[in-house]
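The values are calculated or read from the model by the stated rules, or taken from the named source; none is laboratory data. Computed from a prediction, not measured in an experiment: that's the story for all the values here. Cβ coordinates were reconstructed from backbone atoms using ideal geometry, including for glycine residues, and neighbour counts include every protein chain displayed.
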Amino acid sequence: MDERIKGLLVRGREHYQKREFDKADYLLREVVEHSDSYADVFDMLGIIAHSRGDLHAAARYFERAVALNSAYTEALLNLAVTYNDLGRYEAARQIHSKVRKLGNVGPVQIDPFARGKIANMHADLGQAYAEAGIVHEAIEQYLKAVQLCPSFADLRTRLGTLYRDAGDLQRAREQYEAAKIANPKYVPARVLLGVTLFSLGDSSAAVGEWRAVLEMDPDNKSAQMYVRMCDTQAQAARARPSQQPPPQ
């Protein structure tokens with residue numbers, strides 16, 4: 001990747017994490033003008049567009065993210081939410097069904113500072129493998145990072161996302177839960193744990209995670225959308241007439 005584009009991508013992600021959406025939007029748009037291969041960039045642009053009320057643009061961004069990575073659960077859920085908001089209820093239902101179908105080494109005796117530095121080097125290498133599409137090598141590098149620093153919630157969260165992208169939802173759940181234990185206030189892990197629980201069919205636990213996120217971060221757009229989606233589905237289910245057989 002061109003160094004300039006790599007710099008734009010890093011800065012764009014940083015601004016997005018800080019909820020500096022205007023700055024993030026400008027930088028991420030620059031990225032996709034030169035490289036349209038990053039599903040997470042389109043997902044972030046979709047979140048930004050949705051937050052501005054531009055639902056049609058949001059849908060296009062989420063659709064592009066899903067086209068790049070058909071197992072990108074957050075983007076699928078975001079697209080379902082957006083379709084719902086656009087009144088495209090059948091399309092939202094189909095995506096919801098698709099989401100449902102997606103179906104140790106000992107401690108290293110080195111200085112804690114050095115351990116953290118090496119763990120981050122493994123993580124950087126893992127990210128490079130992930131960007132190159134070599135997921136199994138990316139997972140191996142993040143496993144090494146987590147083995148060195150098991151209490152680093154961000155590393156466990158990124159490893160969980162790699163497992164999720166590889167279709168291993170159970171291992172993804174394990175990593176997100178470990179990240180939650182390491183740092184209960186680490187919001188990204190809690191949001192993604194909710195997404196994974198939802199994908200595994202445990203909607204109640206998923207909503208519990210998202211509501212916990214909103215207690216810590218009331219403005220968290222993803223958690224807001226996911227809770228609203230589940231509330232809407234629950235209301236629709238209650239409104240449907242029961243399928244009772246006619247009296248004999």
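Things to note:
- Test for Val195: is it of a type in the set (A, V, I, L, M, F, W, C) and under 20 Å from Ala80 (Cβ atoms): yes
- From Gln175, Gln170, Gln233, residue being more than 30 Å from Cys149 (Cα to Cα), part of a helix (DSSP H, G or I) and either under 16 Å from the mean Cα position of the chain (by Cα) or not small (Gly, Ala, Ser) (or both): Gln233
- Here Tyr61 meets each of (1) in a helix (DSSP H, G or I); (2) out of contact with any helix residue (DSSP H, G or I) (no Cβ under 9 Å at 6 or more places or on another chain) with one exception, condition (2).
- Some residue of the stretch 92-112 being modelled with pLDDT of 85 or more, among the polar types (S, T, N, Q) and in the same structural domain as Tyr72 (by TED's automatic domain parsing): yes
- Filter result for Ala172 (under 30 Å from Ala234 (Cα atoms) and modelled with pLDDT under 90): no
- Residue within the stretch 134-151 that is surrounded by fewer than 23 Cβ atoms within 10 Å (Cβ to Cβ), within 16 Å of the chain's Cα centre (by Cα) and farther than 21 Å from Ser70 by Cβ present: no
- Residue check: Ala59 meets all listed conditions (1) more than 14 Å from the chain's Cα centre (by Cα); (2) closer than 18 Å to Ser199 by Cα but one, namely (2).
- Which listed residue, of Gly160, Gly201, is assigned to a loop (DSSP other than H, G, I, E, B), touching a helix residue (DSSP H, G or I) at 6+ places or on another chain (Cβ under 9 Å) and of a type in the set (Gly, Ala, Ser): Gly201
- Condition check for Arg190: crowded, with 24+ Cβ neighbours inside 10 Å and assigned to a helix (DSSP H, G or I): yes
- Among residues that are at pLDDT below 90, surrounded by fewer than 14 Cβ atoms within 10 Å (Cβ to Cβ) and closer than 22 Å to Cys230 by Cα, Tyr89 is included.
- Residue count for the stretch 178-209 satisfying the condition of being farther than 20 Å from Leu143 by Cα and β-branched (Val, Ile, Thr): 4.
- Residue satisfying condition, being within 17 Å of the chain's Cα centre (by Cα) and at positive phi, within set Arg19, Arg64, Arg13: Arg19
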